[in-house]
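A single structure is presented below for examination.
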């Protein structure tokens, strides 16, 4: 690790001020310290935000849930309200990392974790995300784990989070405090930015912006599931994953929210697919059409065309599970 | 910089570079060599210790972030004359070969049994809103953050299940 100055912020405003002046935030540290040890990220100042009073889970006046940015992944997955009303979120959290990592990783940090692209991790390789303008060694390289949606000619890395995929299906919002104290809320759909020609920019956050909470709308009802397909049965990143929330009414799909992980630079969602399912009777033909519509946009690399058929089957399996009248 | 830690019930003051991980603080400053450095990147679990009762990877956290925290290492779980139930069960079931991952396995399992007792679901729990059972699948999933290159997994699981069953009865 390169040397850094360490300080602990007592308040969010102290943290945002230091962040605006160039310091990096550290909370759980499970991703940042990994990257710092490899000197992929070399901050010269760290601000410890782990003791900020942002670790509560509370109901919102609208009947949703406010999840403090410092809530640990393990505490969020074990929260009674999350397990009862937002099980897709608990399932996604429990499908990610290991118990030890979930005990440290925070809600805010999980959203901001970096890609596990091999080339981003290898400082001897060009990488537009790590060293803007240096090129992308992944393109034409080993691309089995890379994106099939939303990539660019400058970057084909995927976003690694499971939690963010569930939050995307749940229409979560991110609460952000800026330096000087202004607080804003962003739908998760507007939080991440696609790589384009600036893959080092991954979110709309400005220097000093601090995630203070994630807000969930009131529970939508219906069935929920998170299905993750990976190389090992546990403790591995997704090849593909699907977060699904589907409500049936009188035998028809009254509501369907679907988000996809492991396939794009951000949690992926496709409203066209959801509207195709709306007010229709579940059927194998309908689900095949929905999968066709989703995958019409897919652009595989040389090693990851398997993700197209894998995502197709995973989506159809999720839709079958969530609309099965026998369950 | 100075950091005050409570390690295995003893107050310790550390004066170390802020880059020092909790793992390196335990081994190189406090000379508690039971906690092992495997991958040093949070992938193998050999460095697992308990912080305020929770299992974490001590390699992926800075010692200076733990001012005032209570740390328990394998030395605090039990020694040759006062083995914990899990330590005894690992011996009885031959839950290791080379032994390098064992301190992390036992620290991890110690906290894992508390997580089950608290009703925490896992990826192996069919319904996250229901109470988890004590099955091979549950234990395997919950211990997936601890790798064993000798692949002593079946015996590790037997050892943990024996202690878990005893806890359930008591």
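Being over 18 Å from residue A:78 (Cβ atoms), surrounded by 13 or more Cβ atoms within 10 Å (Cβ to Cβ) and not assigned by TED's automatic domain parsing to the domain that holds residue B:59 narrows it down to one of B:140, B:144, so name that one. Walk me through it before giving the result.
Working: B:144 fails: over 18 Å from residue A:78 (Cβ atoms).
Going through B:140, B:144 in turn, the sole match is B:140.
Using the structure shown, decide if residue A:68 is at pLDDT 95 or above, more than 9 Å from chain B (Cβ to nearest Cβ) and at positive phi.
Values: at pLDDT 95 or above: yes; more than 9 Å from chain B (Cβ to nearest Cβ): yes; at positive phi: no.
No.
Among residues belonging to segment B:1-28 that are assigned to a strand (DSSP E or B) and without any contact (Cβ under 8 Å) to a residue 24 or more places away in the chain, point out the one that is surrounded by the most Cβ atoms within 10 Å (Cβ to Cβ). So that I can check it myself, show each step before the final result.
Quick first cut of segment B:1-28, residues assigned to a strand (DSSP E or B) only: B:2-7, B:10-15, B:21.
Checking which are without any contact (Cβ under 8 Å) to a residue 24 or more places away in the chain leaves us with B:2, B:10-13, B:15.
Values: B:2: 9, B:10: 10, B:11: 8, B:12: 16, B:13: 9, B:15: 9.
Restricting to residues being assigned to a strand (DSSP E or B) and without any contact (Cβ under 8 Å) to a residue 24 or more places away in the chain, the top hit is B:12.
Just to be sure I understand, how many residues within segment A:119-138 are surrounded by fewer than 18 Cβ atoms within 10 Å (Cβ to Cβ) and not in a helix (DSSP H, G or I)? Talk me through it step by step, then tell me what you get.
First pass over segment A:119-138, keeping only residues surrounded by fewer than 18 Cβ atoms within 10 Å (Cβ to Cβ): A:121-124, A:126, A:131-135.
Still in the list and also not in a helix (DSSP H, G or I): A:122-124, A:126, A:131-135.
Residues meeting the conditions: 9.
Name, by its number, the condition in (1) in a helix (DSSP H, G or I); (2) touching a residue at least 12 places away in the same chain (Cβ under 8 Å); (3) over 23 Å from residue B:43 (Cα atoms) that does not hold for residue B:75.
Residue B:75 satisfies all of (1) in a helix (DSSP H, G or I); (2) touching a residue at least 12 places away in the same chain (Cβ under 8 Å); (3) over 23 Å from residue B:43 (Cα atoms) except (3).
Could I ask something else about it? Among the residues of segment A:272-280, is any closer than 20 Å to residue A:318 by Cα and in contact (Cβ under 8 Å) with a residue 40 or more places away in the chain?
Step one: of segment A:272-280, the residues closer than 20 Å to residue A:318 by Cα are A:272-280.
Now restrict to residues that are in contact (Cβ under 8 Å) with a residue 40 or more places away in the chain: A:277.
Yes: one or more hits.
Further question: If we keep just the residues of segment B:147-157 that are in contact (Cβ under 8 Å) with a residue 40 or more places away in the chain and surrounded by 18 or more Cβ atoms within 10 Å (Cβ to Cβ), which is nearest to residue B:100 (Cα to Cα)?
That would be B:148.
Do we have any residue at all in segment A:214-233 that's within 27 Å of residue A:49 (Cβ to Cβ) and not in a strand (DSSP E or B)? Spell out how you get there, then give the answer.
Just the residues of segment A:214-233 that are within 27 Å of residue A:49 (Cβ to Cβ), to begin with: A:214-217.
Adding the requirement that they be not in a strand (DSSP E or B) leaves A:217.
Yes - at least one qualifying residue is present in segment A:214-233.
Evaluate the following for residue A:114: is it touching a helix residue (DSSP H, G or I) at 6+ places or on another chain (Cβ under 7 Å) and buried (at least 22 other Cβ atoms within 10 Å of the Cβ)?
Working: touching a helix residue (DSSP H, G or I) at 6+ places or on another chain (Cβ under 7 Å): yes; buried (at least 22 other Cβ atoms within 10 Å of the Cβ): no.
The answer is no for residue A:114.
Please specify each residue of segment A:175-192 satisfying the condition of being exposed (fewer than 15 other Cβ atoms within 10 Å of the Cβ) and either part of a helix (DSSP H, G or I) or free of Cβ contacts under 8 Å to residues at least 24 places away in the same chain (or both). It would help to see each step written out before you state the result.
Of the residues in segment A:175-192, the ones exposed (fewer than 15 other Cβ atoms within 10 Å of the Cβ) are A:180-185, A:187, A:190.
If the condition is that a residue be exposed (fewer than 15 other Cβ atoms within 10 Å of the Cβ) and either part of a helix (DSSP H, G or I) or free of Cβ contacts under 8 Å to residues at least 24 places away in the same chain (or both), then A:180, A:181, A:182, A:184, A:187, A:190 are the ones that fit.
While we're looking at this one, here's another question. Looking at residue A:74, is it at pLDDT 95 or above and buried (at least 24 other Cβ atoms within 10 Å of the Cβ)? Quick ask: steps written out before the conclusion?
Working: at pLDDT 95 or above: yes; buried (at least 24 other Cβ atoms within 10 Å of the Cβ): no.
So residue A:74 does not fit the description; no.
Across segment B:29-50, what is the number of residues that are facing chain A (nearest Cβ under 8 Å) and free of Cβ contacts under 8 Å to residues at least 40 places away in the same chain? Even if it seems obvious, please write down each step before you answer.
Filtering segment B:29-50 for residues facing chain A (nearest Cβ under 8 Å) gives B:40-42, B:45, B:48.
Still in the list and also free of Cβ contacts under 8 Å to residues at least 40 places away in the same chain: B:40-42.
Of the residues in that region, 3 qualify.
Name every residue in segment B:36-63 that is outside any strand (DSSP E or B) and surrounded by fewer than 24 Cβ atoms within 10 Å (Cβ to Cβ), in order of residue number. Can you show your working first?
Of the residues in segment B:36-63, the ones outside any strand (DSSP E or B) are B:36-47, B:52-53, B:58-61, B:63.
Hits for segment B:36-63 are B:36, B:37, B:38, B:39, B:40, B:41, B:43, B:44, B:52, B:53.
Only one residue in A:85, A:24, A:58 is within 10 Å of chain B (Cβ to nearest Cβ) and either touching a residue at least 60 places away in the same chain (Cβ under 8 Å) or surrounded by fewer than 22 Cβ atoms within 10 Å (Cβ to Cβ) (or both). Which one? Outline the logic, then answer.
On the way: A:24 fails: within 10 Å of chain B (Cβ to nearest Cβ); A:58 fails: within 10 Å of chain B (Cβ to nearest Cβ).
Exactly one residue qualifies, and that residue is A:85.
So, residue A:171, is that one within 22 Å of residue A:214 (Cα to Cα), out of contact with any strand residue (DSSP E or B) (no Cβ under 6 Å at 6 or more places or on another chain) and at pLDDT 95 or above or not? If you could, list the steps in order and put the result at the bottom.
Numbers: within 22 Å of residue A:214 (Cα to Cα): yes; out of contact with any strand residue (DSSP E or B) (no Cβ under 6 Å at 6 or more places or on another chain): yes; at pLDDT 95 or above: yes.
Against the criterion (within 22 Å of residue A:214 (Cα to Cα), out of contact with any strand residue (DSSP E or B) (no Cβ under 6 Å at 6 or more places or on another chain) and at pLDDT 95 or above), residue A:171 qualifies.
For residues that are without any contact (Cβ under 8 Å) to a residue 40 or more places away in the chain, more than 16 Å from the chain's Cα centre (by Cα) and within 9 Å of another protein chain (Cβ to nearest Cβ), scanning just segment A:88-121, find the one that is farthest from residue A:232 (Cα to Cα). Full working, then the answer.
First, pick out the residues of segment A:88-121 that are without any contact (Cβ under 8 Å) to a residue 40 or more places away in the chain: A:90, A:94, A:99-100, A:102-103, A:118-119.
Still in the list and also more than 16 Å from the chain's Cα centre (by Cα): A:99-100, A:103, A:118-119.
With the extra rule that they be within 9 Å of another protein chain (Cβ to nearest Cβ), the set shrinks to A:99-100, A:103.
Working: A:99: 16, A:100: 18, A:103: 21 Å.
Only one residue tops the list, namely A:103.
The values are calculated or read from the model by the stated rules, or taken from the named source; none is laboratory data. What you see is a predicted model; the values in this text were computed from it and never measured. All Cβ positions, glycine included, derive from the backbone under ideal geometry; neighbour counts span all protein chains shown.
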